[in-house]
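These notes are about the structure you will find just below.
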Amino acid sequence: MYKTSIFSYTLNTNVLQPKMVVARLKNPSPRIGHCTKVPRNSNMEKLQHGYLFPEIERHEHMHLQKYPHANIIDLGIGDTTEPLPTMVTSSMVDFVRGLSTSKGYKGYGPEQGEQALRKAIADVYYKDLGIKPTEVFVSDGAQCDITRLQLLMGPNLKIAVQDPSFPAYIDSSVIIGQAGDFVDKVGKYKNIEYMKCGPQTNFFPDLHKASRPELIFFCSPNNPTGHAATRKQLEQLVDFAKVNGSIIIFDSAYSAYITDDSPKSIFEIPGAREVAIEVSSFSKFAGFTGVRLGWTVVPEELLYSNGFPVVHDFNRIMCTCFNGASNIAQAGGLACLSPEGFRAVKSLINYYMENASILVNALSSLGLTVYGGKNAPYVWVHFPGSKSWDVFAEILEKTHIITVPGSGFGPGGEEYIRVSAFGQRDSIIEASERLKYLLYQEEN
């Protein structure tokens, strides 16, 4: 177990203080010059700080100004690092070359995605689950679809999120107008229900204590904790949604990393087609973080309170707000779902999970309490009694390693940091050695 004496939090006064930076960002000085008569969106004013990951990049930039020759290892933002499989890139190259010919040229495609890719996602990713190609909407990524779903649902809904969870759920809720005012005393938005999902509850909310939210954002495997919900837990979630008339927005972006028998899709659970939408992505599954490709599944059985099918409105949103994913990216996605491509992509997943094992073993050997790293490429590390931004700052200052402060994922992330297993093997091993040396120094 973790021992307080291992890690000291008496920080050097020169260490960057994240909260001070956030305060400056929140209330910038008004610019002098011509002003329009257009008021600022009041919901934008309710955002408490810059989006989490650009904030971390800001700290990295300031750290490099202080240590211009530092060899920084980035274990922060979950960005893939390994080259795409050749057969995947070859498919995209072939498509691009075809664009320079009369026969191969293609312009606009269907807003919902190419039929071949929609069918491949339904057949390969949702095999035997009864998902129809017409229920699959191809997009430029899961995070974009989260915002489109917020636009679909509108501002007048009560929402619930896991705490901790991916910050886009909360920030998009604030922007669309669902969140209400921010309550400084508790660090939460008034109209958002934060469902505690820590180790004390086996990383699953106590639904007996939950209110009756109309929209539930649920991520499994969870980002940041790495916990994959069990079948029993998801059955409880679906039952809860059916009883309360809620809709679940299920984020399965990391489902390909699940190694045990935990469900990879909410649609493995009986009744889920009546209460859930699933959002997923090629970003972490296939290394498409820069290529940009994702999808959302909206079942035909999912109905509004008046009986109108949700899928029809989401189709309208996609046709209005989106011109379709890049046909080049879709060619790559289709290659990923071929038998050869799927095997190649799986080898990338195995590589990152081996990285996760290295980090888990290194951090556990230091007496730290470590979660995750088994069904997701994230390691969730506990530092009892400490502020997560302070832990982030000291690790950056003394090891030149970027992590993510857990409080950036919600109040339930305080005292934790998230460490990403996305990285080249040499960097993962080097980071493990630096962390070991730091904690050895602190102990002695």
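Would you list H34, H227, H49 from the most to the least accessible area, probe 1.4 Å?
H34, H49, H227
Arrange the peptides 115-124, 271-280 so that the one whose residues have, on average, the most other Cβ atoms within 10 Å appears first.
Per-residue mean Cβ counts within 10 Å order the peptides as 271-280, 115-124.
Which label belongs to the value computed from this structure, given these candidates for semi-axes √(5λ) of the Cα gyration tensor in Å: [x] 63, 26, 19; [y] 38, 28, 23; [z] 34, 27, 24?
Step by step, semi-axes √(5λ) of the Cα gyration tensor in Å for this structure corresponds to label [z].
Compare G290, G245, G410 in a GNM of the chain, Cα atoms joined below 10 Å, and give the one with the largest fluctuation.
Largest GNM mean-square fluctuation: G290.
So what is Rg over Rh here for region 86-339, counting just Cα atoms and using Kirkwood for Rh?
When Rh is taken as the Kirkwood radius, the ratio is 0.98.
For region 86-339, what % of the accessible area comes from carbon and sulfur atoms, probe 1.4 Å?
53
Straight-line reach from K387: which aspartates and glutamates have Cα under 15 Å away, leaving out those fewer than 8 places along the same chain?
Candidates past the 8-residue exclusion: E414, E415.
Straight distance only, please: which lysines reach the Cα of K46 with their own Cα at less than 21 Å, same-chain residues fewer than 8 apart left out?
Within the straight-line cut-off, K46 pairs with K19, K26, K37, K158, K185, K188, K190.
Starting from the Cα of K232, draw a straight line to each of the lysines and keep only those under 20 Å, dropping any in the same chain fewer than 8 residues away.
Straight-line reach from K232, under 20 Å: K196, K209, K242, K264, K374.
DSSP loop trypsin sites (Lys or Arg not before Pro) in region 137-186 with at most 16 other Cβ atoms within 10 Å of their Cβ, which ones?
Listed in order of number, the matching sites are K158, K185.
Among DSSP bridges having both ends in region 86-339, what percentage is antiparallel? Round to the nearest 5.
Restricted to region 86-339, the bridges split so that about 40 percent are antiparallel.
Which residues' amide hydrogens lie under 5 Å from the amide hydrogen of G180, considering only partners 5 or more residues apart or on another chain, with H built in the peptide plane?
Amide H neighbours of G180: N191.
Quick one: how many Å² of S427 are accessible to a 1.4 Å probe, rounded to 10?
Counting only protein heavy atoms, S427 exposes about 40 Å² to solvent.
Taking each full run of DSSP H in the chain as one helix, which ones are at least 15 Å long along their axis (Cα atoms) and have mean Kyte-Doolittle hydropathy of at least 0.0?
Passing helices, by number: 86-98, 142-153, 310-321, 339-364, 388-399.
Check each of the chymotrypsin sites (Phe, Trp or Tyr not before Pro) in region 78-114 and keep only those in coil by DSSP with at most 13 other C-beta atoms within 10 angstrom; list them in order.
For chymotrypsin sites (Phe, Trp or Tyr not before Pro) across region 78-114 that sit outside H, G, I, E and B with at most 13 neighbouring Cβ atoms in 10 Å, the list reads Y105, Y108.
Restricting to bridges with both residues inside the chain, how much of the DSSP beta-bridge set is antiparallel, in percent to the nearest 5? Walk me through the numbers before you get to the answer.
Working: 22 of 41 bridges.
So the antiparallel bridges amount to about 55 percent of the total.
In whole angstrom, note down how far apart the Cα centers of region 302-319 and region 223-286 are.
20
Using the Cα centre of the chain as the reference point, and only Cβ charges (+1 on K/R, -1 on D/E), how large is the resulting charge dipole? Debye, rounded to the nearest 20. List each step's numbers first, then the result.
Values: 42 positive and 45 negative charges, 161 e Å.
It comes to approximately 780 debye.
Taking the chain as a Gaussian network, where each spring joins two C-alpha atoms under 10 Å apart, which residue of A70, A421, A256 fluctuates the most?
A70
Based solely on its DSSP helices, what 222 nm [θ] is calculated for the chain when runs of n ≥ 4 H residues each add -39,500 (n - 2.57) and the sum is averaged over all residues, nearest 500 deg cm²/dmol?
-11500 deg cm²/dmol
Accessible area per residue of region 86-339 at 1.4 Å probe, in Å²?
41
The values are calculated or read from the model by the stated rules, or taken from the named source; none is laboratory data. Everything numeric here is computed off the predicted structure, so don't read it as measured data. Please note: Cβ atoms are built from the backbone with ideal geometry, for glycine as well, and neighbour counts cover all protein chains shown. Accessible surface is based on the protein model in full, side chains and every heavy atom, while ligands, DNA and RNA are left aside. Shrake-Rupley method; radii C 1.70, N 1.55, O 1.52, S 1.80 Å.
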